[in-house]
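Structure first, commentary second.
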Amino acid sequence: MSLVHGTCIAIDTKGVLLRGAPGSGKSDLALRLLGLSHLGAKLVADDQVQLTRRGDELWAQAPAKIAELLEVRGVGIVRLAALGSVRLCLVLDLCASRDHDMVPRLPEAGRCTIDGIGLPLYPCSPFEASAPDKVALLLRSLDEDILRP
């Protein structure tokens, strides 16, 4: 089991780990994903994510102390319905800058390894208006061959 700094949301049965420095937009992007009803996104954990290896999968959940809590800058800490745990399928590294040029136009698909499990890794500019749609496309690409070189 490991504890990582980040935010995790679930879309359908797929968990997405948003990683980045404080203020990089993890909670903001999560809030925007949660607001898109057609995605059916659910909060799993904000600020800290507990990862547990189960066979060849990683599962994410919130530490009990912060379960169902989301920090919304300018509003405060709010309680939201949350999913207890989700299988982690995708990791996004958020840019610390609001400069979208920090993300390559055509990024190479990356991989990261957490607790011995390899996961797809992509850079993300979280403050772009299209960021939630890009997250949805990346998740879709896990099941469908929609990304072309």
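For every residue, the table says whether it meets (1) touching a Cys at 6+ places or on another chain (Cβ under 7 Å); (2) among the basic types (Lys, Arg); (3) part of a strand (DSSP E or B).
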residue	(1), (2), (3)
15	yes, no, yes
36	no, no, no
39	no, no, no
44	yes, no, yes
51	no, no, yes
71	no, no, yes
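Is there a residue in segment 68-85 that is more than 13 Å from the chain's Cα centre (by Cα), closer than 25 Å to residue 111 by Cα and in contact (Cβ under 8 Å) with a residue 40 or more places away in the chain?
yes
Name every residue in segment 120-135 that is free of Cβ contacts under 8 Å to residues at least 12 places away in the same chain and surrounded by 15 or more Cβ atoms within 10 Å (Cβ to Cβ), in order of residue number.
Scanning segment 120-135 gives a single hit, 134.
Would you check if there is a residue in segment 109-119 being surrounded by fewer than 17 Cβ atoms within 10 Å (Cβ to Cβ) and at pLDDT below 90?
Yes, segment 109-119 contains a residue that is surrounded by fewer than 17 Cβ atoms within 10 Å (Cβ to Cβ) and at pLDDT below 90.
So, residue 29, is that one surrounded by 13 or more Cβ atoms within 10 Å (Cβ to Cβ) and either closer than 25 Å to residue 140 by Cα or among the acidic types (Asp, Glu) (or both) or not?
yes
Can you confirm whether segment 89-101 contains a residue that is of a type in the set (S, T, N, Q), under 14 Å from residue 8 (Cβ atoms) and surrounded by fewer than 18 Cβ atoms within 10 Å (Cβ to Cβ)? Even if it seems obvious, please write down each step before you answer.
Just the residues of segment 89-101 that are of a type in the set (S, T, N, Q), to begin with: 97.
Then drop every residue that is not under 14 Å from residue 8 (Cβ atoms), which leaves none.
Checking segment 89-101: not a single residue is of a type in the set (S, T, N, Q), under 14 Å from residue 8 (Cβ atoms) and surrounded by fewer than 18 Cβ atoms within 10 Å (Cβ to Cβ).
Yes/no matrix, rows are residues, columns are (1) part of a loop (DSSP other than H, G, I, E, B); (2) farther than 20 Å from residue 133 by Cα; (3) in contact with a Gly (Cβ under 6 Å, 6 or more places away or on another chain):
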| site | (1), (2), (3) |
| --- | --- |
| 9 | no, no, no |
| 18 | no, no, yes |
| 27 | no, no, no |
| 32 | no, no, no |
| 60 | no, yes, yes |
| 90 | no, no, no |
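Restricting the search to segment 32-65, which residues are among the hydrophobic types (A, V, I, L, M, F, W, C), under 20 Å from residue 77 (Cβ atoms) and surrounded by fewer than 18 Cβ atoms within 10 Å (Cβ to Cβ)?
Once the filter is applied, which keeps residues that are among the hydrophobic types (A, V, I, L, M, F, W, C), under 20 Å from residue 77 (Cβ atoms) and surrounded by fewer than 18 Cβ atoms within 10 Å (Cβ to Cβ), segment 32-65 yields only 64.
The values are calculated or read from the model by the stated rules, or taken from the named source; none is laboratory data. Fair warning: this is a prediction, and the values are worked out from it, not measured in the lab. For neighbour counting, all protein chains shown are included, and Cβ atoms are generated from backbone atoms with ideal geometry for every residue, glycine included.
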